[in-house]
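A.B. asks: Dropping a structure here in C-alpha coordinates format, bear with me for questions.
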Amino acid sequence: MEEAIIRKYAKLAVCSGANVQKGQLLVITASVHDAAFAEYCAEEAYKAGAGKVAIRWNDDTVTHLAYQYESQESLCRVADWELARKQDEIDQKACYLYIDSEVPGFFKDIDADKMQKATMARRKKMKPYQAYTMNNIGQWSIVAVPSPQWALKVFPDKSEEQAQEALWDAILQSVRINRTNDPQAEWERHDRQLAEHCRLLNSYQFDYLHFTNGLGTDLKVHLVKDHIWAGGGSTTPSGVFFNPNMPTEECFCMPDRDHVDGTVYASKPLSLSGKVVENFWFTFKDGRVVDYGAEKEKEALANMLSTDEGSKHLGEVALISYDSPISNMNIMFFNTLFDENASCHLALGACYPENLEGGPDMTEEEVLAHGGNSSVNHVDFMFGTQDMDVTGVTFDGRRVPIFRAGNFVI
Ligand code: ZN
Ligand code: ZN
(Lines give C-alpha, C1' and ligand atoms only; values in the text may rest on other atoms or scores of the structure.)
(Ligands and ions follow the chains in the order given, each with its own letter.)
Protein backbone atom coordinates (compact mmCIF):
# COMPACT_ATOMS: atom_id res chain seq x y z
CA MET A 1 0.00 0.00 0.00
CA GLU A 2 1.41 3.39 -0.92
CA GLU A 3 2.68 5.73 1.75
CA ALA A 4 0.30 8.62 0.99
CA ILE A 5 -2.85 6.62 1.75
CA ILE A 6 -1.32 5.07 4.88
CA ARG A 7 -0.44 8.55 6.13
CA LYS A 8 -4.05 9.55 5.48
CA TYR A 9 -5.09 6.65 7.71
CA ALA A 10 -2.61 7.70 10.42
CA LYS A 11 -4.04 11.22 10.39
CA LEU A 12 -7.59 9.84 10.63
CA ALA A 13 -6.61 7.63 13.60
CA VAL A 14 -5.01 10.51 15.47
CA CYS A 15 -7.51 13.27 14.59
CA SER A 16 -10.92 11.54 14.23
CA GLY A 17 -10.02 8.54 16.39
CA ALA A 18 -8.14 9.69 19.50
CA ASN A 19 -8.70 13.35 18.57
CA VAL A 20 -5.54 14.46 20.36
CA GLN A 21 -5.88 18.02 21.70
CA LYS A 22 -3.38 20.89 21.74
CA GLY A 23 -0.67 20.17 24.34
CA GLN A 24 -2.10 16.73 25.21
CA LEU A 25 -0.09 13.55 25.84
CA LEU A 26 -0.85 10.78 23.33
CA VAL A 27 0.17 7.25 24.32
CA ILE A 28 0.40 4.89 21.34
CA THR A 29 0.51 1.12 21.84
CA ALA A 30 1.96 -0.66 18.82
CA SER A 31 3.78 -3.78 17.73
CA VAL A 32 7.43 -3.36 16.72
CA HIS A 33 6.34 -4.77 13.35
CA ASP A 34 4.09 -1.75 12.81
CA ALA A 35 6.80 0.81 13.54
CA ALA A 36 6.30 2.70 10.27
CA PHE A 37 2.59 3.22 10.88
CA ALA A 38 3.17 4.16 14.54
CA GLU A 39 5.74 6.73 13.42
CA TYR A 40 3.27 8.25 10.95
CA CYS A 41 0.73 8.47 13.78
CA ALA A 42 3.30 10.19 16.03
CA GLU A 43 4.10 12.71 13.28
CA GLU A 44 0.43 13.44 12.58
CA ALA A 45 -0.21 13.83 16.32
CA TYR A 46 2.58 16.40 16.72
CA LYS A 47 1.29 18.21 13.61
CA ALA A 48 -2.16 18.29 15.22
CA GLY A 49 -0.66 19.95 18.30
CA ALA A 50 0.07 17.04 20.67
CA GLY A 51 2.27 18.09 23.60
CA LYS A 52 4.01 14.73 23.73
CA VAL A 53 3.74 11.35 22.01
CA ALA A 54 4.87 8.25 23.91
CA ILE A 55 5.00 4.83 22.24
CA ARG A 56 4.61 1.53 24.10
CA TRP A 57 6.14 -1.13 21.85
CA ASN A 58 5.20 -4.76 22.10
CA ASP A 59 6.25 -7.90 20.26
CA ASP A 60 3.97 -10.94 20.20
CA THR A 61 6.89 -13.27 19.43
CA VAL A 62 8.59 -12.26 22.68
CA THR A 63 5.27 -12.43 24.55
CA HIS A 64 4.83 -15.96 23.17
CA LEU A 65 8.30 -16.90 24.44
CA ALA A 66 7.44 -15.44 27.84
CA TYR A 67 4.34 -17.66 28.08
CA GLN A 68 6.44 -20.63 27.03
CA TYR A 69 9.36 -20.17 29.40
CA GLU A 70 8.42 -17.96 32.33
CA SER A 71 7.01 -19.21 35.61
CA GLN A 72 3.37 -18.41 36.44
CA GLU A 73 4.59 -16.19 39.26
CA SER A 74 6.77 -14.14 36.91
CA LEU A 75 3.97 -13.85 34.33
CA CYS A 76 1.52 -12.60 36.98
CA ARG A 77 3.87 -9.96 38.40
CA VAL A 78 2.98 -6.34 37.64
CA ALA A 79 5.71 -3.90 38.69
CA ASP A 80 4.76 -0.92 40.86
CA TRP A 81 6.38 1.40 38.35
CA GLU A 82 3.95 0.22 35.66
CA LEU A 83 1.03 1.26 37.85
CA ALA A 84 2.75 4.54 38.72
CA ARG A 85 3.29 5.24 35.01
CA LYS A 86 -0.37 4.60 34.26
CA GLN A 87 -1.40 6.89 37.11
CA ASP A 88 0.97 9.56 35.81
CA GLU A 89 -0.60 9.33 32.33
CA ILE A 90 -4.07 9.73 33.84
CA ASP A 91 -2.90 12.65 35.99
CA GLN A 92 -1.68 14.27 32.76
CA LYS A 93 -5.09 13.60 31.13
CA ALA A 94 -3.52 11.52 28.36
CA CYS A 95 -5.33 10.08 25.36
CA TYR A 96 -4.65 6.62 23.94
CA LEU A 97 -4.27 5.07 20.51
CA TYR A 98 -4.05 1.28 20.22
CA ILE A 99 -2.72 -0.14 16.96
CA ASP A 100 -3.92 -3.71 16.57
CA SER A 101 -2.33 -6.23 14.19
CA GLU A 102 -2.80 -9.39 16.22
CA VAL A 103 -2.38 -12.68 14.40
CA PRO A 104 -5.48 -14.82 15.09
CA GLY A 105 -4.57 -18.02 16.89
CA PHE A 106 -0.99 -16.84 17.58
CA PHE A 107 -1.11 -18.19 21.14
CA LYS A 108 -3.13 -21.33 20.41
CA ASP A 109 -0.39 -23.70 21.59
CA ILE A 110 -0.01 -21.92 24.94
CA ASP A 111 -1.66 -23.43 28.02
CA ALA A 112 -5.00 -21.56 28.25
CA ASP A 113 -5.06 -21.65 32.03
CA LYS A 114 -1.55 -20.19 32.34
CA MET A 115 -2.44 -17.37 29.97
CA GLN A 116 -5.74 -16.69 31.66
CA LYS A 117 -4.11 -16.44 35.12
CA ALA A 118 -1.51 -13.98 33.82
CA THR A 119 -4.11 -11.86 31.99
CA MET A 120 -6.34 -11.79 35.02
CA ALA A 121 -3.53 -10.82 37.42
CA ARG A 122 -2.66 -7.91 35.13
CA ARG A 123 -6.27 -6.80 34.67
CA LYS A 124 -6.91 -6.94 38.43
CA LYS A 125 -3.95 -4.65 39.08
CA MET A 126 -5.01 -2.36 36.25
CA LYS A 127 -8.71 -2.29 37.22
CA PRO A 128 -8.56 1.01 39.18
CA TYR A 129 -7.26 2.68 36.01
CA GLN A 130 -9.75 0.99 33.65
CA ALA A 131 -12.49 3.57 34.33
CA TYR A 132 -10.42 6.30 32.67
CA THR A 133 -11.05 4.79 29.24
CA MET A 134 -14.10 2.57 29.99
CA ASN A 135 -16.04 5.64 31.23
CA ASN A 136 -14.67 7.83 28.42
CA ILE A 137 -12.99 10.25 30.84
CA GLY A 138 -10.07 10.48 28.40
CA GLN A 139 -10.16 9.82 24.65
CA TRP A 140 -9.06 6.45 23.29
CA SER A 141 -9.19 4.73 19.95
CA ILE A 142 -8.38 1.36 18.42
CA VAL A 143 -7.35 1.01 14.78
CA ALA A 144 -5.89 -1.96 12.95
CA VAL A 145 -3.10 -2.54 10.44
CA PRO A 146 -2.50 -5.83 8.63
CA SER A 147 0.39 -8.05 9.73
CA PRO A 148 1.46 -10.56 7.04
CA GLN A 149 0.41 -13.60 9.12
CA TRP A 150 -2.99 -12.07 9.92
CA ALA A 151 -3.50 -11.31 6.21
CA LEU A 152 -2.66 -14.91 5.27
CA LYS A 153 -5.22 -16.16 7.77
CA VAL A 154 -7.89 -13.97 6.15
CA PHE A 155 -6.78 -14.70 2.56
CA PRO A 156 -5.16 -18.17 2.70
CA ASP A 157 -5.14 -18.61 -1.09
CA LYS A 158 -3.05 -15.51 -1.81
CA SER A 159 0.69 -14.93 -1.60
CA GLU A 160 1.89 -13.10 1.51
CA GLU A 161 2.27 -9.83 -0.37
CA GLN A 162 -1.10 -10.09 -2.13
CA ALA A 163 -2.81 -11.06 1.10
CA GLN A 164 -1.41 -8.08 2.98
CA GLU A 165 -2.45 -5.75 0.15
CA ALA A 166 -5.96 -7.25 0.12
CA LEU A 167 -6.28 -6.82 3.89
CA TRP A 168 -5.07 -3.21 3.61
CA ASP A 169 -7.80 -2.64 0.99
CA ALA A 170 -10.46 -4.16 3.24
CA ILE A 171 -9.35 -2.20 6.30
CA LEU A 172 -9.18 1.11 4.44
CA GLN A 173 -12.60 0.49 2.90
CA SER A 174 -14.05 -0.31 6.32
CA VAL A 175 -12.72 2.96 7.76
CA ARG A 176 -14.05 4.91 4.76
CA ILE A 177 -10.75 5.92 3.19
CA ASN A 178 -10.04 6.04 -0.52
CA ARG A 179 -7.40 7.82 -2.57
CA THR A 180 -9.45 10.93 -3.24
CA ASN A 181 -11.88 11.47 -0.37
CA ASP A 182 -11.71 13.44 2.87
CA PRO A 183 -12.15 10.61 5.42
CA GLN A 184 -12.57 13.00 8.35
CA ALA A 185 -15.62 14.54 6.66
CA GLU A 186 -16.90 11.01 5.88
CA TRP A 187 -16.65 10.15 9.56
CA GLU A 188 -18.54 13.26 10.63
CA ARG A 189 -21.38 12.20 8.30
CA HIS A 190 -21.24 8.58 9.48
CA ASP A 191 -21.27 9.61 13.19
CA ARG A 192 -24.36 11.77 12.55
CA GLN A 193 -26.20 8.81 10.93
CA LEU A 194 -25.42 6.47 13.84
CA ALA A 195 -26.54 9.14 16.32
CA GLU A 196 -29.93 9.39 14.53
CA HIS A 197 -30.50 5.61 14.81
CA CYS A 198 -29.67 5.73 18.51
CA ARG A 199 -32.02 8.68 19.06
CA LEU A 200 -34.88 6.66 17.56
CA LEU A 201 -34.15 3.58 19.71
CA ASN A 202 -33.84 5.75 22.83
CA SER A 203 -37.23 7.30 22.20
CA TYR A 204 -38.92 3.88 22.69
CA GLN A 205 -37.15 3.00 26.01
CA PHE A 206 -37.86 -0.71 25.38
CA ASP A 207 -38.39 -3.10 28.29
CA TYR A 208 -36.76 -5.93 26.35
CA LEU A 209 -35.59 -7.08 22.93
CA HIS A 210 -36.59 -10.47 21.51
CA PHE A 211 -34.11 -12.06 19.08
CA THR A 212 -35.02 -15.03 16.85
CA ASN A 213 -33.43 -16.68 13.82
CA GLY A 214 -33.03 -19.94 11.90
CA LEU A 215 -29.84 -20.97 13.75
CA GLY A 216 -32.05 -21.52 16.79
CA THR A 217 -31.46 -18.28 18.65
CA ASP A 218 -34.45 -17.40 20.81
CA LEU A 219 -33.34 -14.86 23.38
CA LYS A 220 -35.01 -12.17 25.43
CA VAL A 221 -32.65 -9.42 26.55
CA HIS A 222 -34.07 -6.94 29.04
CA LEU A 223 -32.49 -3.51 29.03
CA VAL A 224 -31.72 -1.52 32.18
CA LYS A 225 -34.13 1.32 33.03
CA ASP A 226 -32.97 4.73 31.77
CA HIS A 227 -30.72 3.04 29.23
CA ILE A 228 -29.00 4.98 26.49
CA TRP A 229 -28.33 3.54 23.05
CA ALA A 230 -24.94 4.81 21.91
CA GLY A 231 -23.05 4.53 18.65
CA GLY A 232 -20.32 6.15 16.65
CA GLY A 233 -18.26 8.60 18.63
CA SER A 234 -18.23 9.37 22.34
CA THR A 235 -17.60 12.62 24.20
CA THR A 236 -15.39 13.12 27.27
CA PRO A 237 -16.71 15.11 30.27
CA SER A 238 -14.61 18.02 29.03
CA GLY A 239 -16.43 17.89 25.69
CA VAL A 240 -13.89 16.24 23.38
CA PHE A 241 -15.55 14.07 20.72
CA PHE A 242 -13.65 10.92 19.67
CA ASN A 243 -14.18 7.57 17.94
CA PRO A 244 -13.19 4.67 20.23
CA ASN A 245 -13.42 2.09 17.45
CA MET A 246 -12.48 2.54 13.83
CA PRO A 247 -14.37 1.04 12.09
CA THR A 248 -17.70 1.14 13.93
CA GLU A 249 -21.20 0.43 12.64
CA GLU A 250 -23.04 -0.44 15.84
CA CYS A 251 -25.75 0.99 18.07
CA PHE A 252 -25.15 -0.59 21.48
CA CYS A 253 -26.93 -0.65 24.82
CA MET A 254 -26.82 -2.05 28.38
CA PRO A 255 -28.63 -5.33 29.09
CA ASP A 256 -30.03 -5.93 32.56
CA ARG A 257 -27.44 -8.28 34.08
CA ASP A 258 -30.09 -10.50 35.74
CA HIS A 259 -32.83 -10.46 33.07
CA VAL A 260 -31.62 -12.34 30.02
CA ASP A 261 -33.33 -15.63 29.15
CA GLY A 262 -33.11 -18.14 26.33
CA THR A 263 -30.46 -19.51 23.98
CA VAL A 264 -28.16 -17.73 21.58
CA TYR A 265 -26.09 -19.31 18.80
CA ALA A 266 -22.94 -17.52 17.66
CA SER A 267 -22.87 -16.80 13.92
CA LYS A 268 -19.10 -16.29 13.60
CA PRO A 269 -15.96 -17.72 15.25
CA LEU A 270 -14.49 -15.88 18.22
CA SER A 271 -10.80 -15.09 18.61
CA LEU A 272 -10.21 -15.46 22.36
CA SER A 273 -6.80 -15.31 24.10
CA GLY A 274 -5.14 -16.41 20.89
CA LYS A 275 -7.57 -19.31 20.30
CA VAL A 276 -10.37 -19.45 17.72
CA VAL A 277 -13.62 -20.72 19.25
CA GLU A 278 -16.08 -22.08 16.65
CA ASN A 279 -19.79 -22.93 16.50
CA PHE A 280 -20.64 -22.10 20.09
CA TRP A 281 -23.82 -21.30 22.00
CA PHE A 282 -24.97 -20.11 25.41
CA THR A 283 -28.17 -20.65 27.37
CA PHE A 284 -29.10 -17.92 29.85
CA LYS A 285 -31.41 -18.10 32.84
CA ASP A 286 -32.03 -15.01 34.96
CA GLY A 287 -29.14 -13.34 33.18
CA ARG A 288 -26.58 -16.07 33.92
CA VAL A 289 -24.97 -18.54 31.51
CA VAL A 290 -26.29 -21.90 32.74
CA ASP A 291 -25.19 -24.04 29.79
CA TYR A 292 -22.91 -23.66 26.79
CA GLY A 293 -21.09 -25.58 24.11
CA ALA A 294 -18.55 -25.18 21.31
CA GLU A 295 -17.33 -27.38 18.47
CA LYS A 296 -13.78 -26.06 18.84
CA GLU A 297 -11.79 -24.58 21.76
CA LYS A 298 -14.55 -25.05 24.32
CA GLU A 299 -11.85 -24.89 27.01
CA ALA A 300 -11.02 -21.28 26.10
CA LEU A 301 -14.71 -20.43 26.63
CA ALA A 302 -14.71 -22.31 29.95
CA ASN A 303 -11.68 -20.35 31.14
CA MET A 304 -13.20 -17.05 30.15
CA LEU A 305 -16.55 -17.85 31.82
CA SER A 306 -14.86 -18.86 35.06
CA THR A 307 -12.81 -15.66 35.33
CA ASP A 308 -15.36 -13.98 37.60
CA GLU A 309 -19.14 -13.88 38.16
CA GLY A 310 -19.55 -10.95 35.74
CA SER A 311 -18.11 -13.04 32.89
CA LYS A 312 -21.25 -15.21 32.99
CA HIS A 313 -23.54 -12.21 32.45
CA LEU A 314 -24.04 -9.82 29.55
CA GLY A 315 -22.66 -6.29 29.54
CA GLU A 316 -23.55 -5.21 26.01
CA VAL A 317 -26.09 -5.76 23.26
CA ALA A 318 -25.43 -4.24 19.83
CA LEU A 319 -27.49 -3.92 16.65
CA ILE A 320 -25.96 -3.81 13.17
CA SER A 321 -27.82 -4.33 9.92
CA TYR A 322 -26.83 -7.39 7.91
CA ASP A 323 -26.68 -5.02 4.94
CA SER A 324 -23.76 -2.84 6.10
CA PRO A 325 -20.31 -2.02 4.63
CA ILE A 326 -18.23 -4.57 6.55
CA SER A 327 -20.90 -7.24 6.34
CA ASN A 328 -21.16 -6.68 2.58
CA MET A 329 -17.44 -7.32 2.06
CA ASN A 330 -18.22 -10.82 3.32
CA ILE A 331 -14.74 -11.27 4.77
CA MET A 332 -14.05 -13.14 8.00
CA PHE A 333 -11.37 -10.94 9.60
CA PHE A 334 -10.81 -13.11 12.71
CA ASN A 335 -10.60 -9.81 14.59
CA THR A 336 -13.39 -8.49 16.80
CA LEU A 337 -12.89 -4.87 15.77
CA PHE A 338 -14.09 -5.80 12.27
CA ASP A 339 -16.21 -8.89 12.73
CA GLU A 340 -18.29 -7.31 15.52
CA ASN A 341 -19.17 -4.54 13.10
CA ALA A 342 -20.42 -7.03 10.53
CA SER A 343 -23.10 -8.47 12.76
CA CYS A 344 -25.37 -8.01 15.77
CA HIS A 345 -23.35 -8.94 18.85
CA LEU A 346 -23.49 -9.47 22.58
CA ALA A 347 -20.67 -9.11 25.09
CA LEU A 348 -20.10 -11.15 28.23
CA GLY A 349 -18.53 -9.11 31.02
CA ALA A 350 -18.21 -5.42 31.81
CA CYS A 351 -20.90 -2.99 30.71
CA TYR A 352 -20.28 0.53 29.40
CA PRO A 353 -21.53 3.07 31.99
CA GLU A 354 -22.25 5.51 29.14
CA ASN A 355 -25.25 3.26 28.29
CA LEU A 356 -26.98 4.35 31.50
CA GLU A 357 -28.37 7.80 32.30
CA GLY A 358 -25.82 9.33 34.69
CA GLY A 359 -23.74 6.12 34.52
CA PRO A 360 -20.30 7.69 33.97
CA ASP A 361 -20.70 9.63 37.26
CA MET A 362 -21.81 6.56 39.27
CA THR A 363 -19.64 4.28 41.39
CA GLU A 364 -19.33 0.69 40.22
CA GLU A 365 -21.78 -0.36 42.96
CA GLU A 366 -24.36 2.14 41.73
CA VAL A 367 -24.06 0.89 38.14
CA LEU A 368 -24.51 -2.68 39.44
CA ALA A 369 -27.58 -1.61 41.43
CA HIS A 370 -29.11 -0.36 38.16
CA GLY A 371 -28.57 -3.77 36.51
CA GLY A 372 -25.21 -3.04 34.88
CA ASN A 373 -22.44 -5.65 34.90
CA SER A 374 -18.89 -5.64 36.19
CA SER A 375 -16.03 -7.93 35.19
CA VAL A 376 -12.38 -7.86 34.20
CA ASN A 377 -13.60 -9.28 30.86
CA HIS A 378 -15.53 -7.77 27.99
CA VAL A 379 -15.85 -10.44 25.31
CA ASP A 380 -17.89 -9.62 22.20
CA PHE A 381 -19.36 -12.43 20.13
CA MET A 382 -21.39 -12.26 16.95
CA PHE A 383 -24.86 -13.72 16.57
CA GLY A 384 -26.46 -11.65 13.80
CA THR A 385 -27.66 -13.45 10.66
CA GLN A 386 -29.39 -12.68 7.39
CA ASP A 387 -32.70 -13.93 8.81
CA MET A 388 -32.47 -12.29 12.27
CA ASP A 389 -35.70 -10.80 13.60
CA VAL A 390 -35.56 -8.37 16.51
CA THR A 391 -38.69 -7.14 18.22
CA GLY A 392 -38.68 -4.43 20.84
CA VAL A 393 -41.30 -4.75 23.58
CA THR A 394 -42.28 -1.64 25.51
CA PHE A 395 -43.38 -1.57 29.17
CA ASP A 396 -47.03 -1.29 28.09
CA GLY A 397 -46.65 -4.44 25.95
CA ARG A 398 -46.37 -2.81 22.53
CA ARG A 399 -44.34 -4.95 20.10
CA VAL A 400 -42.24 -2.89 17.70
CA PRO A 401 -40.38 -4.61 14.83
CA ILE A 402 -36.75 -3.36 14.94
CA PHE A 403 -35.15 -5.92 12.56
CA ARG A 404 -36.82 -8.06 9.94
CA ALA A 405 -34.68 -10.45 7.83
CA GLY A 406 -31.43 -9.16 9.26
CA ASN A 407 -31.94 -5.42 8.80
CA PHE A 408 -33.23 -2.37 10.63
CA VAL A 409 -36.86 -1.61 9.81
CA ILE A 410 -37.46 1.31 12.18
ZN1 ZN B 1 -20.11 -3.49 20.55
ZN1 ZN C 1 -18.23 -4.79 22.99
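The values are calculated or read from the model by the stated rules, or taken from the named source; none is laboratory data. Given the structure is predicted, the values throughout are model-derived calculations rather than measurements. Neighbour counts run over all protein chains shown; Cβ positions are idealised from the backbone, glycine included. With ligands, DNA and RNA removed, areas are computed over all heavy atoms of the protein, side chains included. Shrake-Rupley method; radii C 1.70, N 1.55, O 1.52, S 1.80 Å.
A.B. asks: Out of curiosity, is Leu215 open to solvent by less than 10 Å² (accessible area, probe 1.4 Å) and among the aliphatic types (A, V, I, L, M)?
C.D. replies: For Leu215, the condition - open to solvent by less than 10 Å² (accessible area, probe 1.4 Å) and among the aliphatic types (A, V, I, L, M) - is not met.
A.B. asks: Let me ask another. Yes or no: Phe282 buried (at least 18 other Cβ atoms within 10 Å of the Cβ), away from ligand 1 (no atom under 16 Å from the Cβ), more than 15 Å from Cys344 (Cα to Cα) and modelled with pLDDT of 95 or more?
C.D. replies: Criteria met by Phe282.
A.B. asks: Just the residues that are of a type in the set (Phe, Trp, Tyr) and open to solvent by 50 Å² or more (accessible area, probe 1.4 Å), please, taken from segment 369-410.
C.D. replies: Phe395 - this is the single residue of segment 369-410 that is of a type in the set (Phe, Trp, Tyr) and open to solvent by 50 Å² or more (accessible area, probe 1.4 Å).
A.B. asks: Of all the residues that make up segment 327-365, how many are away from ligand 2 (no atom under 15 Å from the Cβ), in contact (Cβ under 8 Å) with a residue 60 or more places away in the chain and of a type in the set (Val, Ile, Thr)?
C.D. replies: Matching residues across segment 327-365 total 1.
Yes or no, residue by residue, for (1) within 22 Å of Leu200 (Cβ to Cβ); (2) surrounded by 24 or more Cβ atoms within 10 Å (Cβ to Cβ); (3) among the aromatic types (Phe, Trp, Tyr); (4) in contact with a Phe, Trp or Tyr (Cβ under 9 Å, 6 or more places away or on another chain):
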residue	(1), (2), (3), (4)
Ser327	yes, no, no, no
Asn330	no, no, no, no
Phe333	no, yes, yes, yes
Asp339	no, no, no, yes
Cys344	yes, yes, no, yes
Gly349	no, no, no, no
Glu354	yes, no, no, no
Thr363	no, no, no, no
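A.B. asks: Then there is this: For residues that are without any contact (Cβ under 8 Å) to a residue 60 or more places away in the chain and not charged (D, E, K, R), scanning just segment 239-276, find the one that is farthest from ligand 1 (Cβ to nearest atom).
C.D. replies: My answer is Gly239.
A.B. asks: Could we say that Arg176 is open to solvent by 10 Å² or more (accessible area, probe 1.4 Å), under 30 Å from Ile6 (Cβ atoms) and in contact (Cβ under 8 Å) with a residue 60 or more places away in the chain here?
C.D. replies: yes
A.B. asks: If you don't mind, there's one more thing I want to ask. Can you find a residue in segment 300-312 that is under 30 Å from Asp109 (Cβ atoms), within 16 Å of ligand 1 (Cβ to nearest atom), in a loop (DSSP other than H, G, I, E, B) and open to solvent by 40 Å² or more (accessible area, probe 1.4 Å)?
C.D. replies: no
A.B. asks: Now a separate question. Taking segment 217-256 as the region of interest, how many residues are among the β-branched types (Val, Ile, Thr), farther than 17 Å from Ala350 by Cα and within 15 Å of ligand 2 (Cβ to nearest atom)?
C.D. replies: 1
A.B. asks: From Phe381, Phe403, which residue is within 23 Å of Leu194 (Cα to Cα) and more than 21 Å from the chain's Cα centre (by Cα)?
C.D. replies: Testing whether each residue is within 23 Å of Leu194 (Cα to Cα) and more than 21 Å from the chain's Cα centre (by Cα) leaves just Phe403.
A.B. asks: I'd like the full set of residues that are away from ligand 2 (no atom under 16 Å from the Cβ) and among the β-branched types (Val, Ile, Thr), limited to segment 257-276.
C.D. replies: Scanning segment 257-276 gives Thr263, Val276.
A.B. asks: In segment 253-264, which residues are within 24 Å of Gly359 (Cα to Cα) and surrounded by 24 or more Cβ atoms within 10 Å (Cβ to Cβ)?
C.D. replies: Cys253, Met254, Pro255, Arg257, Val260
A.B. asks: If a residue must be farther than 14 Å from Ala266 by Cβ and either more than 13 Å from ligand 1 (Cβ to nearest atom) or in contact with a helix residue (DSSP H, G or I) (Cβ under 8 Å, 6 or more places away or on another chain) (or both), how many such residues does segment 320-352 contain?
C.D. replies: Selection size over segment 320-352: 20.
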